[in-house]
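Peer 1: A single structure is presented below for examination.
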Amino acid sequence: MYLLAIVGYVPDEMVQALCAFLEFCYMTQCNIHDTHSLAALDDALQQFHNHQEIFHTSGVCTEGFNLPRQHSLIHYVKLICDYGVPNSLCSSITESKHIKAVKEPWQYSSHYEALSQMLLTNQCLDKLTAA
């Protein structure tokens with residue numbers, strides 16, 4: 001839907017770059033990958049990198065086109081081969097643990113040499129949970 005909305009309003013090469021990026025994103029969500037799908041995944045990423053120069057030449061991104069965590073995309077094929085598909089991965093579990101283990105104890109500390117205070121807070125909370 002997004003691509004259909006921008007066709008004719010932006011340069012064709014920009015549409016091709018976004019199409020390749022979206023294709024890459026959708027293919028990473030597959031439940032099963034084989035050599036053909038991994039080759040297609042790598043090809044989509046290569047097409048995205050080939051077409052992304054349009055964002056610089058058109059003046060959209062004068063400092064260079066860089067999506068957040070764009071570099072990690074080049075590692076997807078190898079990581080899928082090593083560890084399997086990233087289906088159903090979510091960082092919200094680790095984020096909630098980070099909040100309980102780091103952010104809340106930081107708020108309870110005096111912020112001066114806070115590490116020892118944070119560790120003591122976590123130790124006390126663990127003892128309360130165990131009791």
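Peer 1: Taking the convex hull of the Cα atoms, report for the chain its projected area averaged over all directions, in nm².
Peer 2: Details: hull surface 52.6 nm².
The directionally averaged projection comes out at 13.2 nm².
Peer 1: To the nearest Å, what is the center-to-center distance of segment 94-131 and segment 37-53, using C-alpha atoms only?
Peer 2: 44 Å
Peer 1: Further, regarding this structure: Averaging sequence separations of C-alpha pairs under 8 Å and six or more residues apart, then dividing by the length of segment 2-83, give the relative contact order as a whole percent. Walk me through the numbers before you get to the answer.
Peer 2: Details: 50 pairs, mean separation 23.3, N = 82.
Across segment 2-83, relative contact order equals 28 percent.
Peer 1: Mind giving me the nanometre distance, one decimal, between the label points for H49 and E104, set 7 Å out from Cα along Cα→Cβ?
Peer 2: 4.4 nm
Peer 1: Would you please state which residues of segment 1-33 a label at Q70 would reach in this model, taking the label point 7 Å out along Cα→Cβ and a backbone N cut-off of under 13 Å?
Peer 2: 17-18, 21
Peer 1: Hey, another quick one. In deg cm²/dmol, rounded to 500, what helix-only [θ] at 222 nm does the chain give when every DSSP H run of at least 4 residues adds -39500 (n - 2.57) and the total is split over its residues? Please list the in-between numbers first.
Peer 2: Working: 8 runs with 81 residues, N = 131.
So the helix-based figure for the chain works out to -18000 deg cm²/dmol.
Peer 1: Can you figure out the FRET efficiency of C30 with Y2, using R₀ = 22 Å and their beta-carbon distance, to the nearest 0.05?
Peer 2: Working: r = 20 Å, r/R0 = 0.92.
Result of the calculation: an efficiency of 0.60.
Peer 1: If you don't mind, another one. Reachable aspartates and glutamates from K100, Cα under 16 Å, same-chain residues fewer than 8 places away excluded?
Peer 2: Within the straight-line limit of under 16 Å, K100 reaches these aspartates and glutamates: D126.
Peer 1: Per residue of segment 95-112, what does 6.51 cos²θ - 1.76 cosθ + 1.60 with θ = phi - 60° give for ³J(HN,Hα)? Whole Hz please, x for Gly and Pro, Karplus curve as stated.
Peer 2: Couplings: 5, 5, 5, 4, 4, 5, 8, 10, 5, 5, x, 4, 5, 6, 7, 8, 6, 10 Hz.
Only the coordinates and a few stated rules stand behind these numbers; no lab work does. Everything quoted here is computed from the prediction, not taken from an experiment. Note: ideal-geometry Cβ built from the backbone for every residue, glycine included; neighbour counts use all protein chains shown.
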